[in-house]
Amino acid sequence: MTRSARRLSMAAILAAALAAIPAVAAAHVHLVSTTPEAGANLDEAPTEVTIEFDGELDPDHSSFTVTDADGTEVGSGAVDLTVADRNVLTGAVTITEPGVYTVAWEVTGLDGHAISGTFSFGFDTDEAIPEPTEGEEHEEGSPDTAMALPGPEPMTLAGLALLALAAVTALPAMRRRPVR
């Protein structure tokens with residue numbers, strides 16, 4: 001292999017490894033599911049709200065509140081420390097009147113990145129139930145409308161790690177070979 005071909009192949013390997021850095025940095029938590037389901041109109045009043053995310057949450061900076069149509073708080077919740085993955089918020093609610101209820105949540109992933117959102121559900125109501133908002137990112141209290149990017153797949157990370165390992169081990173061997 002010529003010196004220029006070796007340099008070209010090393011550049012390609014390093015470029016692939018460096019391309020992974022933004023993807024890893026963007027691996028923030030995302031909303032997975034809610035109970036009650038966003039937009040649902042329930043026949044029975046729920047006694048609990050549960051919100052699941054795809055990554056571990058910071059218990060000190062993750063919570064939600066539930067309010068009725070007048071803005072009166074009817075419940076709240078925090079990270080459920082009994083869940084091993086620490087990716088679930090749960091809390092009790094006291095709902096006695098028909099109507100629309102809004103859950104406002106704010107979570108911070110272990111990477112320090114915070115997102116917030118809302119979803120609503122109804123209890124025995126004819127009122128329109130608002131669409132959810134989710135994934136509003138913010139840093140230190142400053143709202144931002146950008147959506148969080150999904151994190152890389154585990155197999156992608158494994159492949160990139162192998163590329164980086166190949167680059168690190170191939171470089172010294174390539175330097176020792178005589179040029180023909």
### Output for the range 61-89, where each listed residue is outside any strand (DSSP E or B) and of a type outside the set (D, E)
H61, S62, A69, G71, T72, L81, T82, V83, A84, R86, N87
### Query
Does any residue in the range 39-68 that is open to solvent by 50 Å² or more (accessible area, probe 1.4 Å) come within less than 7 Å, Cβ to Cβ, of a residue that is aliphatic (A, V, I, L, M) and assigned to a loop (DSSP other than H, G, I, E, B) six or more places away or on a different chain, and which pairs are these?
N41/I129; D54/V29; E56/L110; P59/L81
### Summary
Within the range 74-86, the count of residues that are exposed (fewer than 12 other Cβ atoms within 10 Å of the Cβ) and closer than 21 Å to I115 by Cα comes to 1
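The values are calculated or read from the model by the stated rules, or taken from the named source; none is laboratory data. Worth saying up front: this structure is predicted, and the values here are computed from it rather than measured. FYI the Cβ positions are ideal-geometry reconstructions off the backbone, even for glycines, and counts take in every protein chain you see. Protein only, heavy atoms only, side chains kept; ligands, DNA and RNA dropped before computing areas. Shrake-Rupley method; radii C 1.70, N 1.55, O 1.52, S 1.80 Å.
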